[in-house]
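Chemist: Supplied in structure tokens, the structure appears directly below.
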Amino acid sequence: MPRARRIVVKVGSSSISGGNAGQIEPLVDALAAAYGRGSEVILVSSGAIATGMPFLRLDSRPTDLATQQAAAAVGQNILIYRYQESLRRYDVVAGQVLLTASDIDNPTHRSNAQRAMERLLKLRILPIVNENDTVATHEIRFGDNDRLAALVSELVEADLLVLLSDVDALYTRPPHEEGAIKIAEVPFGDDLAGVTFGDAGSAGVGTGGAGTKVAAARLAAGAGTPVLVTSTPLVAEALDGAEIGTWFEARPSLDG
């Protein structure tokens, strides 16, 4: 893992907003360490709506599309500012990339996004990708940024995808339930029969959960990118190659 040439890391809203906004700095520390080893790093970061909520005096995630878009417009600006301020310690510059599902589906838009990210990486800029919530509609959303991260991994032909959340790994049932057993490795094609997944994180500001991470991991693994699922506080250990989290094996190479 420390030798991975191109790494996509996805972090969820609950990990870097509200009371957990302080986790941005250790997350950046880990990304900068991988960057310093010569890896090309792409961060897929949720959190625009959750970050914007306090500035709109909202106590809970809005349910109507217009307010979600307004919160995203405010929050995305602040979120990128926080990342860049933290990256400044390492003299690393971030580049903002906002995508909609139609950008991935449209061949011209997809090619443009791919070309832009390739150029950013060659210039040693750290792309920070998010869904463009300000213009996205319910009908054309990715659904969650775990899926977006898997699609970005395929788009840039990443060597590794790391999906971060507030749980250290996947378990056979929600980890707070009795009898939950940690899943250390998922062979390619394993359907995880008998495994029960919970809903979105306890913070109530995200849209993903263990199920969306499994779906995203399978999507990325099917495209040839191995996936590690673990918690945000363990990201530095993960990128250092520690045996933590849940590892999804990628589809075997046709060349191998």
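Chemist: For residues that are modelled with pLDDT of 95 or more and open to solvent by less than 10 Å² (accessible area, probe 1.4 Å), tally how many sit in segment 38-50.
Modeler: The qualifying residues number 6.
Chemist: Something else: Could you check segment 86-110 and list, in sequence order, the residues that are touching a helix residue (DSSP H, G or I) at 6+ places or on another chain (Cβ under 9 Å) and assigned to a helix (DSSP H, G or I)?
Modeler: Residues satisfying the conditions are SER86, LEU87, ARG89, TYR90, ALA101, SER102, ASP103, ILE104, ASP105, HIS109, ARG110.
Chemist: ALA101 passes all but one of (1) open to solvent by 20 Å² or more (accessible area, probe 1.4 Å); (2) under 23 Å from LEU79 (Cα atoms); (3) at pLDDT below 90; which number fails?
Modeler: Unmet for ALA101, out of (1) open to solvent by 20 Å² or more (accessible area, probe 1.4 Å); (2) under 23 Å from LEU79 (Cα atoms); (3) at pLDDT below 90: (1).
Chemist: Just checking, which of GLY198, GLY189 is farther than 22 Å from PRO2 by Cα, more than 18 Å from the chain's Cα centre (by Cα), surrounded by fewer than 21 Cβ atoms within 10 Å (Cβ to Cβ) and modelled with pLDDT under 85?
Modeler: Only one candidate passes the filter, namely GLY198.
Chemist: Further, regarding this structure: Of the residues in segment 1-38, how many are without any contact (Cβ under 8 Å) to a residue 60 or more places away in the chain and over 18 Å from SER86 (Cα atoms)?
Modeler: Of the residues in segment 1-38, 3 are without any contact (Cβ under 8 Å) to a residue 60 or more places away in the chain and over 18 Å from SER86 (Cα atoms).
Chemist: Taking ALA113 as meeting all but one of (1) in contact with a strand residue (DSSP E or B) (Cβ under 9 Å, 6 or more places away or on another chain); (2) open to solvent by 10 Å² or more (accessible area, probe 1.4 Å); (3) assigned to a helix (DSSP H, G or I); (4) at pLDDT below 95, write down the number of the exception.
Modeler: Looking at each condition in turn, ALA113 falls short on (4).
Chemist: Among the listed residues GLY75, GLY19, GLY52, which satisfies the condition of being part of a helix (DSSP H, G or I), on the phi < 0 side of the Ramachandran plot and touching a Phe, Trp or Tyr at 6+ places or on another chain (Cβ under 8 Å)?
Modeler: GLY75
Conditions tested, residue by residue: (1) open to solvent by less than 20 Å² (accessible area, probe 1.4 Å); (2) assigned to a helix (DSSP H, G or I); (3) of a type in the set (S, T, N, Q).
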residue	(1), (2), (3)
GLN23	no, yes, yes
TYR35	no, yes, no
ASP59	no, no, no
ALA70	no, yes, no
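Chemist: Search segment 72-83 for residues being open to solvent by 30 Å² or more (accessible area, probe 1.4 Å) and in contact (Cβ under 8 Å) with a residue 40 or more places away in the chain, and hand back the single one that is nearest to the chain's Cα centre (by Cα).
Modeler: Checked segment 72-83; the qualifying residue nearest to the chain's Cα centre (by Cα) is ILE80.
Chemist: Right, next: Any idea which of (1) modelled with pLDDT under 95; (2) assigned to a loop (DSSP other than H, G, I, E, B) is the one ASP146 doesn't satisfy?
Modeler: For ASP146, the exception is condition (2).
The values are calculated or read from the model by the stated rules, or taken from the named source; none is laboratory data. Not measured: the values here are computed from a predicted model. Here Cβ is always computed from backbone atoms with ideal geometry, including for glycine, and neighbour counts include all displayed protein chains. We work out accessible area using only protein heavy atoms, side chains counted, and drop any ligands, DNA or RNA first. Shrake-Rupley method; radii C 1.70, N 1.55, O 1.52, S 1.80 Å.
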